[in-house]
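Engineer: Dumping the structure here so I can ask a few things about it.
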Amino acid sequence: MREDFLVFGRPQIEEDEIAEVVATLRSGWIGTGPKTTAFEEAFRTLIGAKYAISVGSCTAALHLSMLVSGIKPGDEVITTPMTFCATANAITHVGAKPIFVDINPKTLNIDPDQIECAITDKTRAIIPVHFAGRPCDMQKLTALAKKHNLMLIEDAAHAIESDTPQGKIGTIGDLTCFSFYVTKNITTAEGGMITTNNAEWAEKLKIYALHGLSHDAWKRYSDSGFKHYEVQFPGFKYNMTDLQASLGLHQIKRVDKNLKRRESIWRRYDEAFQNLPIKIPAPTSANTIHARHLYTILIDVKETKLERDAFQHELFKRNIGTGIHYTSVHLQPYYRDVLNYQPGQFPAAEYISDRTLSLPLGPSMNDQDVEDVIEAVHDIFKTRASVNSVQVEIET
Amino acid sequence: MRFGFLYQHPWIYDLALYGLYHGDPHARFKQVANEIPKGASVVDLCAGTSFLFRQLQEKCPNYQAFDINPRLVKHLQKRGINAHSFDVRTDAIPQADVVTMCSSLYHFHPNCKDIIQQMQNSAREKVIVLEPVHNAKNSRFAFMRLLGAQAGIVDGKINEFYFSPDAFQDLIHHTSGFQKVAPAGDGRDMLAIFDGHASTTSEPSPQTPAYS
């Protein structure tokens, strides 16, 4: 058993970004500034969108996307229940109602074939979530959005590297929201980005993200001289800082290399777990790129003789940190009690919700870390088998 | 062959379904029909009085109903429906684009997975299973409990097994080719869809199977 605890989603921080952060600290300009702008440009280039606007988190990105889309109280927005609560919370922040549509049990993404039944006169947008980095069926989603004149706002928190035959994620929907949270494939500790090809929205997003002040108000204290600003909208404090961007500027350079490492760990897990009584992730669809953000297995008590939470605890006892992505949002008290969602409404999401477990996966893991995870998972089954055989002997 | 009183006459069967589904038994069959592509050939197993046909008669003219109860089959034939006496446990399921079974899978416990796999072997496109998961047999109303219990008596066998949501999910997620699951009707049923495994190049099934 490994001696130290393997933290789930441990970020990979290298000397380059440490030096950049130190340089930023010493520069005297640690708030929003030129490094934030440089990071926006680097991300825009990586994704291939016309505009990239940095914000303080993916939640902020989603909230602002709702606002610039004109979604207002009383509107309905379709999304998946198999997501972090921020997706649904952002919808409620603008007074709209999240309408959940169940997932495809294999891809764990929203089932596009079930969306049309949920569309009403009040529907204004669809927010697909590219779960774990597996891109949604963008062909069907764009066709649906076009047919019903709906906004397509993508939650790409897991999907920085994801690609589809319709284009790279971040270039297809009207607005796409990315996350740079600690555990994400690029991290700025906290942070987010919105990509769009719409110049008007891009301009609005910049203004809304910084108190609603006129464009580039952050420059008012720069060496180009003080500039007066105007409040054009009662905006938000959602701006990214140069300290955060200092991390992102170097993380982004390792995206391709890190994806290869993630793919290599993924293949090793697939190979190591194929004969165990657990479900491993479904193969990736042809012509798509999976961002390999989360490796989620399904723990079924009938097969493993252990509930998912007990299985997670067994891994914890073996010094392996894990995550649960996610408890279906419609089962959370607010959505259940206030919006009247009930257990049984989204059976595929509920089934996954009760059984899913995310194993550590990331470029900060060395080969020994990966083998430790594999050994711990196998050890649980070996231990259970020996416990069960002892029980059988006692009973007989 | 002994059946519960629900199956003694088509009218009783229809009335029971109206009772069990609070006056609207059609919603759940509409949901099944929505999953069937226009023009698809359909084999409807354990069809009863074929509520599904009422949703499909214009959309899918190549529809065949199969049931173990000769009274119900005769009733369907009188209505001009292509219906046949059939025992799912022993007869070979004819090929079709879509093979369906509504509210009957529990009768085949503990062989439900085998039955679904047999359906898959005969379906060129998909298998649709609609199944109650909050059974009337557990209702707080005595009359509903009676209806639920009677619905479980087929071929002299009194059924003691009924699916719960967990038991149904457990079954479908452990059956290969499972595509999707959705609540149906008023949430008392679940609808599950599976891949069809029959060759798409094979000849369409004859309208009247040889054994009927």
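The values are calculated or read from the model by the stated rules, or taken from the named source; none is laboratory data. This one's a predicted model, so the numbers in the text were calculated from it and none came from an experiment. Because the Cβ atoms are built from the backbone with ideal geometry, glycine has one as well, and the counts that use them run over all protein chains shown. Each accessible area value is taken on the protein alone, full model and side chains, heavy atoms only, with ligands, DNA and RNA left out. Shrake-Rupley method; radii C 1.70, N 1.55, O 1.52, S 1.80 Å.
Engineer: If you project the alpha carbons of the protein assembly as shown onto their three principal axes, what span does each projection cover, largest first, in Å?
Structural biologist: Reported extents, whole Å, longest axis first: 94, 62, 50.
Engineer: Assuming R0 = 30 Å, can you tell me the calculated FRET efficiency for the pair A:Val22 and A:Lys50, based on Cβ-Cβ distance, to the nearest 0.05?
Structural biologist: For A:Val22 and A:Lys50, the calculated efficiency is 0.35.
Engineer: For chain A, what does -39500 (n - 2.57) per DSSP helix run (n ≥ 4), summed and divided by total residues, give at 222 nm, in deg cm²/dmol to the nearest 500?
Structural biologist: Theoretical 222 nm ellipticity from helices: -12500 deg cm²/dmol.
Engineer: Related question: Calculated FRET efficiency, A:Ala38 and B:Lys113, Cβ-Cβ r, R0 56 Å, to nearest 0.05?
Structural biologist: 0.45
Engineer: Which value, in Å² rounded to 10, gives the accessible area of A:Glu41 with a 1.4 Å probe and all protein chains present?
Structural biologist: Roll a 1.4 Å probe over it and A:Glu41 shows about 90 Å².
Engineer: Moving on. Can you give me the P(r) profile for segment A:266-353? Cα pairs, bins 10 angstrom wide beginning at 0, each as a whole percent.
Structural biologist: 14, 37, 33, 15, 1
Engineer: Separate question: Taking loop as defined by DSSP and a crowding limit of 13 other beta carbons within 10 Å, which trypsin sites (Lys or Arg not before Pro) in segment A:15-72 fit?
Structural biologist: The qualifying sites are A:Lys50.
Engineer: Just need the Rg to Rh number for segment A:150-304, please, alpha carbons only, Kirkwood Rh.
Structural biologist: My calculation puts Rg/Rh at 1.09.
Engineer: Explain nothing, just the number: dipole magnitude of segment B:5-195 about its Cα centre with +1 on each Lys and Arg Cβ and -1 on each Asp and Glu Cβ, in debye rounded to the nearest 20.
Structural biologist: 440
Engineer: Quote the charge dipole size of the protein assembly as shown about the Cα centre in Debye, to the nearest 20; the model charges only the Cβ of Lys and Arg (+1) and of Asp and Glu (-1).
Structural biologist: Its charge dipole is roughly 1140 debye.
Engineer: Quick one: order A:Thr123, A:Thr322 from most to least accessible surface, probe 1.4 Å.
Structural biologist: Largest accessible area first, the list is A:Thr322, A:Thr123.
Engineer: Further question on the same structure: Antiparallel as a % of all DSSP beta bridges within segment A:15-254, to the nearest 5?
Structural biologist: Taking every DSSP beta bridge within segment A:15-254, about 50 percent pair in antiparallel fashion.
Engineer: Could you name every residue in segment A:339-357 that has 10 Å² or more less accessible surface in the full protein assembly than in its own chain alone (probe 1.4 Å, ligands and nucleic acids excluded)?
Structural biologist: Those are A:Gly344, A:Gln345, A:Pro347, A:Ala348, A:Tyr351, A:Arg355, which lose 10 Å² or more relative to the chain on its own.
Engineer: Using the Cα centre as the reference, give the magnitude of the dipole from point charges on the C-beta atoms of segment A:15-254 (Lys, Arg: +1; Asp, Glu: -1; all else neutral), rounded to the nearest 20 debye.
Structural biologist: Dipole size: approximately 280 debye.
Engineer: Using only the alpha-carbon atoms, how far is helix A:138-147 inclined from the longest principal axis of chain A? Give it as 0 to 90 degrees, nearest 10.
Structural biologist: Around 50 degrees separate the two axes.
Engineer: Along the positive direction of the dipole of segment A:15-254 (beta-carbon charges: Lys, Arg +1; Asp, Glu -1; about the Cα centre), which of A:Gly167, A:Gly31, A:Tyr229 reaches farthest?
Structural biologist: So the residue furthest toward the plus end is A:Tyr229.
Engineer: For the pair A:Cys117 and B:Arg54, what calculated FRET efficiency results from E = 1/(1 + (r/R0)^6), where r is the Cβ-Cβ distance and R0 = 22 Å, to the nearest 0.05?
Structural biologist: The formula returns an efficiency of 0.65 here.
Engineer: Now for a separate question. Give a quick list of trypsin sites (Lys or Arg not before Pro) in segment A:128-233 that DSSP marks as loop, anything other than H, G, I, E or B, with at most 13 other Cβ atoms within 10 Å.
Structural biologist: A:Lys227
Engineer: Of A:Gly56, A:Pro73, A:Val101, which is farthest towards the positive pole of segment A:15-254's charge dipole, taken about the Cα centre with +1 and -1 on the beta-carbons of Lys, Arg and Asp, Glu respectively?
Structural biologist: After comparing all options, I get A:Pro73.
Engineer: Can you tell me the 0 to 90 degree angle between the C-alpha axis of helix A:199-209 and the longest principal axis of chain A, rounded to 10?
Structural biologist: The answer is roughly 80 degrees.
Engineer: Another question about this same structure. Give the A-B buried accessible area in Å², both sides summed, 1.4 Å probe, nearest 100.
Structural biologist: 1200
Engineer: Taking the Cα centre of each part, how many Å lie between segment A:146-197 and segment A:311-386?
Structural biologist: With segment A:146-197 and segment A:311-386 each reduced to a Cα centre, they are spaced 24 Å.
Engineer: To continue, here is another question. If you average the sequence gap of Cα pairs under 8 Å that are 6 or more apart and divide by the length of segment B:5-195, what percent do you get for the contact order?
Structural biologist: With pairs under 8 Å counted, the relative contact order is 20 percent.
Engineer: Among the chymotrypsin sites (Phe, Trp or Tyr not before Pro) within segment A:1-66, which fall in a DSSP loop and have no more than 13 other Cβ atoms within 10 Å of their own Cβ?
Structural biologist: Listed in order of number, the matching sites are A:Phe5.
Engineer: Still on this structure: Roughly speaking, to the nearest percent, how much of chain A's 1.4 Å accessible area is carbon and sulfur?
Structural biologist: Answer for chain A: carbon and sulfur cover 52 percent of the accessible area.
Engineer: Let me ask something else. Below 8 Å, C-alpha to C-alpha, sequence gap of six or more: please give me the relative contact order for chain A in percent.
Structural biologist: Computed over chain A, the figure is 22 percent.
Engineer: Does a label point 7 Å from the Cα of B:Phe161, set along Cα-to-beta-carbon, have any residues of segment B:96-134 with amide nitrogen under 11 Å, and which are they?
Structural biologist: B:105-115
Engineer: Hey, another quick one. Along the charge dipole of segment B:5-195, pointing to its positive end and built from +1/-1 on Cβ of Lys, Arg, Asp and Glu, which listed residue (B:Trp11, B:His109, B:Leu76) has its Cα farthest out?
Structural biologist: B:Trp11
Engineer: Helix A:242-251 versus the longest principal axis of chain A: what angle, 0 to 90°, nearest 10, using Cα atoms?
Structural biologist: 50
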